Amino acid sequence: VLKTETGSAGPAAELIDKLSYDEVLGVIAGDNTIFVAVDSLEHVDMIRRRLEDLLEANRLY
């Protein structure tokens, strides 16, 4: 589960979905919350790291 700014969950979830990670079974977004369904517990940390790396690489200062 990921938390976003209000109104940002939809676009962020769409981006995660478009990444087409084999380990991600699906993504559901609310207004400020995203649920990412991962295929196994073994892949949860890997997906978390990938998403964190993506955020760090695109951070605006």
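Every number here is computed from the coordinates shown, using simple stated rules; none is lab data. In this text, all values refer to a predicted model and were calculated from it rather than measured experimentally. Cβ sites come from the backbone with ideal geometry, for glycine too, and all protein chains shown count toward neighbours.
Assorted remarks:
- Electrostatic bookkeeping for VAL24 treats Lys and Arg as +1 and Asp and Glu as -1; over the other residues with beta carbon under 9 Å from its beta carbon, the sum is -4.
- Qualifying trypsin sites (Lys or Arg not before Pro) in the chain, DSSP loop, other Cβ atoms within 10 Å at most 10: ARG59
- Positive-end residue of LEU2, ASN58, LEU15, charge dipole of the chain with Cβ unit charges: ASN58
- Rounded to the nearest 500, the helix-only mean residue ellipticity at 222 nm of the chain stands at -14000 deg cm²/dmol, with each DSSP H run of n ≥ 4 adding -39,500 (n - 2.57).
- Among the listed values (1) 22, 50, 25, 3; (2) 22, 56, 21, 1; (3) 18, 41, 33, 8, 0, the one computed from these coordinates for P(r) over Cα pairs in 10 Å bins from 0, in percent is (2).
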